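J.: Mind looking over this structure? Questions follow.
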Amino acid sequence: MHKRWVIPDIHGCINTLKALMEEKICPAHEDELFFLGDYIDRGPGSRGVIDYIRNLQKDQYKIVALKGNHEDFISEIFNLRHSSMSRLLPRFMNPQLNEWMNIGGRKTLESFGVKNIQDIPAEYIEWMKGLPCFASLDDYVLVHAGLNFSLDDPFSDQSSMLWVRDYNIKPEKIGNRRIIHGHVPVHLELIHFAVTNPNYPYIDLDNGTYIRGKDGFGNLVALELNSMQMVIQDNRDYSI
């Protein structure tokens with residue numbers, strides 16, 4: 001039986017991702033690999049992470065790569081900086097660019113070997129822009145952040161899928177499936193609790209891969225959905 005692996009926020013930690021994939025998961029071509037977004041920023045290898053996932057796609061692995069808020073943010077800023085007016089503004093007059101730099105954007109620029117966001121090759125931005133925001137399985141809904149259950153159709157709010165942090169789940173609106181997401185780093189014990197309690201309505205797999213020196217954090221966690229096996233990879237890179 002093929003396996004179904006879910007991998008949350010990588011945040012530029014390319015060596016950590018490689019160790020997880022090549023030393024622990026070792027996926028077969030018939031396996032399914034679901035990535036929950038936030039491939040860039042904070043860690044040193046954002047370009048390498050995107051290249052790695054795109055190479056898996058080119059090698060005909062079964063990949064579903066979702067969009068995270070960091071991919072959404074960089075795409076928006078990239079488009080703004082390519083507008084004639086924004087390009088003329090200094091950085092201190094561009095609050096979005098400042099915010100991005102403060103949440104790890106500088107590391108992303110360094111990984112591409114450029115100083116300005118508009119010098120990132122457009123093919124990378126287009127790849128990030130084109131990523132889907134969720135994946136529906138028979139038993140789970142996979143999304144980067146969460147869903148807006150105040151709406152009749154929670155899947156109609158793309159912004160919430162990328163950015164929401166707190167929400168009240170109404171399982172009947174999503175076919176009584178469990179949500180698996182990232183976005184908000186949580187303690188390893190909470191991840192284990194959610195994984196091992198099938199009645200818990202969601203599983204947050206984000207352990208803050210880039211976080212250093214904080215007990216219970218700093219790993220890249222993968223979950224195999226058929227067996228509910230957790231695989232934990234310690235950080236092989238470094239944080240901001």
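J.: For I40, are the conditions met, namely being under 21 Å from D119 (Cβ atoms), β-branched (V, I, T), in contact with an Asp or Glu (Cβ under 9 Å, 6 or more places away or on another chain) and buried (at least 24 other Cβ atoms within 10 Å of the Cβ)?
T.: Against the criterion (under 21 Å from D119 (Cβ atoms), β-branched (V, I, T), in contact with an Asp or Glu (Cβ under 9 Å, 6 or more places away or on another chain) and buried (at least 24 other Cβ atoms within 10 Å of the Cβ)), I40 qualifies.
J.: So, D51, is that one assigned to a helix (DSSP H, G or I), closer than 19 Å to F134 by Cβ, at pLDDT 95 or above and acidic (D, E) or not?
T.: It is false that D51 is assigned to a helix (DSSP H, G or I), closer than 19 Å to F134 by Cβ, at pLDDT 95 or above and acidic (D, E).
J.: Got a number for residues in the range 8-37 being surrounded by 24 or more Cβ atoms within 10 Å (Cβ to Cβ) and either polar (S, T, N, Q) or within 24 Å of I125 (Cβ to Cβ) (or both)?
T.: Residues meeting the conditions: 11.
J.: Just the residues that are among the hydroxyl-bearing types (S, T, Y) and surrounded by fewer than 19 Cβ atoms within 10 Å (Cβ to Cβ), please, taken from the range 117-168.
T.: Those that are among the hydroxyl-bearing types (S, T, Y) and surrounded by fewer than 19 Cβ atoms within 10 Å (Cβ to Cβ): S136, S150, S156, S159, Y167.
J.: Continuing with the same structure: Does H183 meet the test of being under 17 Å from the mean Cα position of the chain (by Cα) and either under 30 Å from E76 (Cβ atoms) or free of Cβ contacts under 8 Å to residues at least 40 places away in the same chain (or both)?
T.: The answer is yes for H183.
J.: Kindly list the number of the only condition in (1) surrounded by fewer than 20 Cβ atoms within 10 Å (Cβ to Cβ); (2) within 30 Å of L97 (Cα to Cα) that fails for H2.
T.: Result: H2 passes all but (2).
J.: Which residue pairs have Cβ atoms under 7 Å apart, sit 6 or more places apart or on different chains, and have a first residue in the range 69-83 that is among the small types (G, A, S) and in a helix (DSSP H, G or I) and a second that is at pLDDT 95 or above and surrounded by fewer than 21 Cβ atoms within 10 Å (Cβ to Cβ)?
T.: Partner pairs satisfying both residue conditions: S75/I125; S75/K129.
J.: May I ask you to say which residue of I180, I232, I169 is over 26 Å from M1 (Cα atoms) and of a type in the set (V, I, T)?
T.: I169
The values are calculated or read from the model by the stated rules, or taken from the named source; none is laboratory data. Model, not experiment: these values are computed from the prediction. Virtual Cβ from ideal backbone geometry, glycine too; neighbours counted across all protein chains shown.
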